[in-house]
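Here the structure is laid out as structure tokens; the discussion comes afterwards.
The values are calculated or read from the model by the stated rules, or taken from the named source; none is laboratory data. Model, not experiment: these values are computed from the prediction. Note: ideal-geometry Cβ built from the backbone for every residue, glycine included; neighbour counts use all protein chains shown.
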Amino acid sequence: MPSKKHRPEEIIGKLREAEVVLSQGATTAEACRRIAVSEQTYYRWRKEYGGLKTDQARRMKDLEKENQRLRRAISDLTLDKLILQEAAPGKLLSPTRRRRCIDHIRTMMPVSERRLCRVLGQHRSTQRKVPRGADDEAALTEDIIALARQYGRYGYRRVTALLRDAGWHVNRKRVERIWRREGLKVPQRQPKRGRLWLNDGSCIRLRPEYPGHVWSYDFVEGRTHDGRKYRILSIIDEASRECMALPVARKLKSDDVLAALAELFVTRGPPAHIRSDNGPEFIATAVQEWLAKVGVKTLYITPGSPWENGYCESFNGSLRDELLNGEIFYSLAEARILIEAWRRHYNTVRPHSSLGYRPPAPEAVPSPVSPSGSASLHLRPTLAMEASMH
């Protein structure tokens, strides 16, 4: 039979009994036979517990347990620190990154999967379950890449709106995940300029309240392939964000401005106000008198403050960023055709962020699409022609 393991209280009791026997003149061997242990055990007990009382032995036992607990805690903290040092730098935000990191650490350190999941905050079921992905992941990724290639200046929010218009039932976060996974990125644009504010904190401009309340117009310049300049007159409705006209010519004077406005006033009716900068074509006496006759009030911005005409400036920036900077026009006729095609695309298809990612003037009857179809295969005829030109 295996020898009994004595508790410290029992050992101290047996040592007290042996001391009593020895005080009566017995030998050490007789005392050891009396307490039923060998002499080696007796001397070992006396060396370890000699002079201790029962409560002191109990206290010592508690201290040993506490020391063992502290040593185990220090060891665990040290191991956790080594695991975090071995992990990838930065935050492991996605389960996929945590899964790869845990697999890497298991090849580098003899640590259990359970401990690694606890340290890195990964659930074990998430670690063991292999992600299958959606059945339409490949088709959606293909369409996102196609739209990003066709509209290089669009971000994932605008691409999400185009996908939904094409029939995809997709979440914006899913498009963002695929967008980042594929490394798609819109290049950074120039930083925005500051605004001019009054003492009460209000911006110096009349806010549009309804479509037809405030129009604005401005010029955009460009060059054809032969180096000759051309000008574009952009006329927009600030409330609906619709671009109503983009006439293109080598020269645009005050008479051309009046002709463009007169055509729009006949088809759409005159607005209550029209905003512009202080260019000679806009402040010409003939323009001011004609606008006053038809009952349109002029709003001229402060000289040197283009941010006061922010709606038109923003539109001009989109026009230049999405079309003019990426196209080479070999003739004025080609410029007119492509710029007009872009204007129709801007009004009817392009998602506008300030309108809840809806176009300013969508078509009344959209083209039928399949619920699970490809967005790149359901472009409208005008957009297909535009895409072929790119």
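So here's what we get for this one:
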{"item": "Some residue of region 205-212 being aliphatic (A, V, I, L, M), modelled with pLDDT under 90 and surrounded by fewer than 17 Cβ atoms within 10 Å (Cβ to Cβ)", "result": "yes"}
{"item": "Selection within region 144-163 - surrounded by fewer than 17 Cβ atoms within 10 Å (Cβ to Cβ) and free of Cβ contacts under 8 Å to residues at least 24 places away in the same chain", "result": "Arg149"}
{"item": "Residues located in region 163-187, provided they are in contact with an Asp or Glu (Cβ under 9 Å, 6 or more places away or on another chain) and under 18 Å from Thr348 (Cα atoms)", "result": "Leu163, Ala166"}
{"item": "Some residue of region 282-299 being of a type in the set (Ser, Thr, Tyr), in a strand (DSSP E or B) and surrounded by 20 or more Cβ atoms within 10 Å (Cβ to Cβ)", "result": "no"}
